[in-house]
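The values are calculated or read from the model by the stated rules, or taken from the named source; none is laboratory data. Everything numeric here is computed off the predicted structure, so don't read it as measured data. So basically every Cβ, Gly included, is an ideal-geometry build from the backbone, and we count neighbours across all protein chains shown.
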Amino acid sequence: MTSRPRALLADDEPLLREQLAVLLGRLWPELEVVAQARNGREAIELFDEHEPEIVFLDIHMPGVNGVEAARAIARRAQVVFITAYDQYAVQAFEQGAIDYVVKPLDAQRLADTVQRLQQRLASAPVDGAAVDAVLEQLAARLKQGGGPGKPWLQWIKASVGSNVRLIPVEQVHYLRSDEKYTLVVWEGGEALIRRSIRELADELDPDRFAQIHRSTIVNLHQVVQVIRGPNETAEVQLKGRTELLSVSRSYLSLFRQM
Amino acid sequence: MQIPESNVAQRSWRDWFAGLSVERIALVLGLVTLVVAAVNPLFKNTFLELWSRGLLIGLVLMLAYTLAGNWQQTYVARWHVQILAVVLLAPLCAVIEAIVDTHGNIDAVLNDRHRVAGFFWVLFLCLGVGLIATLVALVREREAQANAQALRFALEKETLERQALDAQLRVMTAQIEPHFLLNTLANVQALVETGSARAAPVLRSLIGYLRAALPRLRDSEGTLGSELALARAYLDVMQMRIPDRLQFDIAVPAELEAVRFPSMALLTLVENAVRHGIDPAEQGGRIEIGARREGEGLRVWVGDSGVGLNPSAPPGSGLANLKQRLAAFYGPGARLDLLDGDGRGGRGLRAEVVLPSTERRA
């Protein structure tokens, strides 16, 4: 062994960083903690600066999280994840490519991890492909809920008086273009926003919102009925509203019986 | 695109006859029979002759009433159209009846005093009975509508009450987030292991938080004061965990602490501010809790200078639940508004609860 092994610790909670440093000092006196990072971005910067052999990364960190930081580091060091509980699918770790410890820290469990790290440092270099596979899996878990593709607009920012209100799209009844602006009519009132109806049509979830006229988009969940008129015309009636919104001929196909 | 098929109303010929029921036809039959029986002695015609003609006129007028009622237009009130239809059609029916009776020989009618009198009798009966029947029908329809509306109101009220109960149940079974608990305990452990004197106050805050946040089965309402104490316990714990990233300030006039407030409502907003505002921010931020009286009502806010709201972040169930509970607690005038920014031109989010009155709804 040419030199003492060195480690980087990253956790956004200072007490936990300190505790980990103290425990490691007790279990592995030769290990030198060269730096402590408060988030993923700092972890990557400090790693590049010190290039330690071992990196302890809290998964849940602000900005760049632990998994994202690990992707930037993993092939160049032994990574150990820190996690509060198995919300990040401990089975991903069980393949053994990446080690992990759970908070609150257990000295016995940490001792096992230290032992494994010592063995790995002595024998095997990092198995890049296996590590990448685990990280891939973890990143997918973290993203869960986001789903593939573009996320739809869920909130509309509208100026009301001197405030900018955030209106959940499910409360919107309809949107109507008003020259440069768009009128948002929702259960709490009306407001003008500085965005075109065309832009909004692209960003709103098509399962919930439909354009029924060049200047009108309605929330389909608020539609009570569609009244057919003569000559290929129709009007839409919305929950709790008296006004009828006309459907122009080119959008009529939306309401053809399915 | 999922529009229930039943909502897509194709305006077909059937719609013109909505309301045309066996009951309605039976009513016409009965009324005509009664009227004809009463006036039969005045006419030379047999009962059957009069009855069949009367029935025909009655049915025509009833049909006109139905069609006029189903005419979808926005120019004139519906009942105006219905009365007008009957008033116009009744004389027409009388004239046609006279023509048919004399096989088109109008002179015969005009030259016969009895026939002229007969014609006026028919005209009078058509108009009189037709109008009275129309008015009675309109009044009955309006009553039925009022009943239906009362029923709808009752249903709405019941739905609201059920939602309130659901929301209350959700609060009672609310769970402490395991992530929060384990991370906090990890901190306490770290303090104890290092023999820090701070361990005791942190444990006190945690116990205070747990005591308040664990399911409260009996009381679903607290006061603004007790809610503030809970929020402070939570923020104390969080600040101990991320001291470099969280500052907070609570500025609520002491006289407002006795105001009743739904339990856990304030904590929901504070937890949201930490979890979605401060925690994701590398530099952290500041949380400000405030309240002031506004007339009879109250405005309570929780602002943070964190990352702000991502317009494509799906709204969580916490805010929707809170909104329902506020409505159940204070009535439909209670609002929960989300405002962009920290109020000083910076990033962040501010949640405001606005109550028109602090009286709890009966």
Query raised in the report: From A:74, A:70, A:35, which residue is of a type in the set (A, V, I, L, M, F, W, C) and either closer than 19 Å to residue B:280 by Cβ or touching a Pro at 6+ places or on another chain (Cβ under 7 Å) (or both)?
Result: A:70
Report task. Go through the stretch B:327-348 residue by residue and tally those that are in contact (Cβ under 8 Å) with a residue 60 or more places away in the chain and either in contact with a strand residue (DSSP E or B) (Cβ under 6 Å, 6 or more places away or on another chain) or on the phi > 0 side of the Ramachandran plot (or both). Result -> 2
Query raised in the report: Got at least one residue in the stretch A:142-163 being in contact with a Lys or Arg (Cβ under 9 Å, 6 or more places away or on another chain), in a loop (DSSP other than H, G, I, E, B) and within 14 Å of another protein chain (Cβ to nearest Cβ)?
Result: yes
Report summary line: Quick count over the stretch B:275-290, residues being farther than 22 Å from residue B:186 by Cα and either assigned to a helix (DSSP H, G or I) or more than 14 Å from chain A (Cβ to nearest Cβ) (or both), is 6
Report task. Go through the stretch A:193-218 and give me each residue that's assigned to a strand (DSSP E or B) and either within 12 Å of chain B (Cβ to nearest Cβ) or at pLDDT below 90 (or both). Result -> A:193, A:209, A:210, A:211, A:212, A:218
Query raised in the report: Within the bounds of the stretch A:5-15, is there any residue that is under 24 Å from residue A:111 (Cβ atoms), without any contact (Cβ under 8 Å) to a residue 40 or more places away in the chain and within 12 Å of chain B (Cβ to nearest Cβ)?
Result: yes
Query raised in the report: If you go through the stretch B:83-120 one residue at a time, how many are of a type in the set (S, T, N, Q) and part of a helix (DSSP H, G or I)?
Result: 1
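Yes/no matrix, rows are residues, columns are (1) assigned to a loop (DSSP other than H, G, I, E, B); (2) not charged (D, E, K, R):
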site: B:250; (1), (2): no, yes
site: B:273; (1), (2): no, yes
site: B:293; (1), (2): no, no
site: B:303; (1), (2): no, yes
site: B:318; (1), (2): no, yes
site: B:327; (1), (2): no, yes
site: B:332; (1), (2): yes, yes
Query raised in the report: Exactly one of (1) surrounded by fewer than 24 Cβ atoms within 10 Å (Cβ to Cβ); (2) among the hydrophobic types (A, V, I, L, M, F, W, C); (3) more than 13 Å from chain B (Cβ to nearest Cβ) is unmet by residue A:64. Its number?
Result: (3)
Query raised in the report: Which is farther than 14 Å from residue A:11 by Cα and either within 14 Å of another protein chain (Cβ to nearest Cβ) or modelled with pLDDT of 90 or more (or both), of A:58, A:112, A:99?
Result: A:112
Query raised in the report: Hey, does the stretch A:176-197 have a residue that's within 24 Å of the chain's Cα centre (by Cα) and without any contact (Cβ under 8 Å) to a residue 40 or more places away in the chain?
Result: no
Report task. Among the numbered conditions (1) crowded, with 16+ Cβ neighbours inside 10 Å; (2) of a type in the set (Gly, Ala, Ser); (3) within 19 Å of residue A:155 (Cα to Cα), tell me where residue B:281 comes up short. Result -> (3)
